[in-house]
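Single-structure report; data block below.
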Amino acid sequence: MESFDYIITGGGCAGLSLAYRLAKSPKLRHKRILLIERGPKSDNDRTWCFWEKSPGPFESIVCKKWQRLSVFQSRFKRHMDIRPYTYKMILGSDFYEFTLAAVREAPNMQILYGGVEHIRNLEDKVEVRAGGKTYLADWCFNSIPFSPLPKEGTHHLDQHFRGWFIKTDDPVFDPGQATLMDFRIPQHGETRFLYVLPANDREALVELAIFSNRHLQNEEYDRIIGAYLKDHWPGIKGFSVDRKENGVIPMTDLRFPKTAGRIVQLGTVGGQTRASTGYTFWYIQQHSDRLLEALENNGIPSASESFARRRSRLYDRVLLQILKYNRLPGDELFARLWKKNQPAWLLKFLNAETNLPEEMKMMATTPVFHFLGALGREIFRKPGKYRIYPESPDQHNVS
Ligand SMILES: Cc1cc2nc3c(=O)[nH]c(=O)nc-3n(C[C@H](O)[C@H](O)[C@H](O)COP(=O)(O)OP(=O)(O)OC[C@H]3O[C@@H](n4cnc5c(N)ncnc54)[C@H](O)[C@@H]3O)c2cc1C
């Protein structure tokens, strides 16, 4: 049976974010590392947006950046300078190519393509079965969703979306200005908005995002995007659609175990998706940094969360509850947050980088009655827990 120090199961965003850091770490060059992914990845299957203040490890593959963002709602609009933050976009295909190249170059790392069948804690090792073979490791870093996310006992909203990569006949976009949220479409008792991310003056990603558990047929998403462009971008006389993308991001307040014995959970199944917004990429990067630091310093991947991140989980539960039960329409809630706060401040809050007094100030800008009511309901509620396996023998180990 082949043995490794670390096995990374799942080579998507989280698995590759960690693998990239391990590949670049001189201190961990002596560790034998195996990355297992179902199959070669090269498709541009998703586009990641996030914001940060300084250049990150993937700066060289950021394909577009903006420091001016706009938000629109029926009774409100704001064009904002978000400095010191920069809103960045990375194409999935570039990310896979870049990170996999680093992994292939690292002499201590191997890639195996095959389906992982199970991961099991043994006494002082972890066993991974993939492609009909069994491997042993000291630690397994897993981002594979072996169990579906339960909805009972949780506030759960899917963020489902469809995007068009369009090319217009005439120059209509300001490449320096992106539309972050445009709520000027019928809301139907849900939270519905579009974002428009221009690559240049003729090309943009126009994406419709809906927070609800009722998904639409593709034709219906397409009809809404088409109507939006006609109503709110009168300068667009003609355009072609190069490509379309669909996706679903679960927004849930489930409690995700961070570890189970020698299994360390990463990415969405490691609880790195921000429950009130669906943003995940940046949190995955923070988590990968903390894991790397722990491995380099003491060999144990215990990546404890900052207090700010822990508090942010409570705020997410409150916001998710408000959105899920439509205690306040989502468009009004977000418009109010953007209207009453400095943009950079709100972005800082959404990245869980604020301190408690700053958060209190921020809360005061929400409709306090709704916020405190939802907070009161959350304090006595314990959301459901995610099981790594449906009948997980590992659960007793979960910390
Ligand atoms: C279309 C789309 C757009 C998004 N855009 C943004 C965004 O702009 N900003 C943001 O912050 N977040 C965004 N997200 C959310 C989040 O960043 C992504 O979902 C991210 O990919 C999550 O990373 P992950 O590693 O947890 O999961 P994944 O990236 O899905 O990785 C899991 C990996 O496990 C592999 N796998 C699964 N089962 C097995 C198996 N049995 N054996 C072997 N391998 C297996 C899969 O092939 C996959 O590569 C988006 C999500 C989607 C779907």
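Throughout, read-outs are computed from the coordinates displayed, never taken from laboratory work. Please read these numbers as outputs of a predicted model, since none were measured by experiment. Please note: Cβ atoms are built from the backbone with ideal geometry, for glycine as well, and neighbour counts cover all protein chains shown.
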Straight-distance crosslink candidates among lysines, where the alpha carbon sits under 16 Å from residue 31 and sequence neighbours closer than 8 are dropped
125
Students often check this: by mean Cβ neighbours within 10 Å, which of 211-223, 331-343 ranks highest, and how do the rest follow?
331-343, 211-223
Ratio to report: Rg/Rh of region 258-359, with Cα atoms as the point set and Rh obtained by the Kirkwood method; give two decimals.
1.03
Could you work out the percent of alpha carbon pairs in region 156-251 separated by over 20 Å, rounded to a whole number?
32 percent
In terms of Cα to Cα distance under 19 Å, which aspartates and glutamates are near enough to residue 151, apart from those fewer than 8 places away along the same chain?
190, 253, 316, 378, 391
With charges only on Cβ, +1 for K and R and -1 for D and E, what is the dipole size of the chain about its Cα centre, in debye, rounded to 20?
980 debye
Give the cross-link partners of residue 167 among the aspartates and glutamates, using a straight C-alpha distance below 13 Å as the criterion and excluding same-chain residues fewer than 8 apart.
201, 203, 242
Per GNM of the chain with C-alpha springs under 10 angstrom, the most fluctuating residue out of 182, 45, 158 is 45
Ellipsoid semi-axes in whole angstrom, largest first, where each is sqrt(5λ) of the Cα gyration tensor of region 308-379
18, 15, 10
Most mobile of 357, 148, 186 per a Gaussian network model of the chain (Cα springs, under 10 Å)?
357
Treating the Cα atoms of region 109-203 as identical point scatterers in vacuum, please give the log10 of the normalised Debye intensity I(q)/I(0) at q = 0.12, 0.15, 0.22 Å⁻¹, two decimals.
-0.75, -0.82, -1.14
Convex hull volume per residue for region 253-311, taking Cα atoms only, in Å³:
82 Å³
Region 274-303 versus region 210-250: alpha-carbon centroid distance in Å:
33 Å
Candidates 72, 369, 141: whichever shows maximal mean-square fluctuation once the chain is modelled as a Gaussian network with Cα springs under 10 Å
369
Using only the Cα atoms of the chain, each taken as one equal point scatterer with no solvent, compute I(q) by the Debye sum, divide by I(0), and report log10 of the ratio at q = 0.07, 0.12 Å⁻¹.
-0.34, -1.01
Around residue 194: net Lys/Arg minus Asp/Glu count, Cβ-Cβ under 9 Å
0
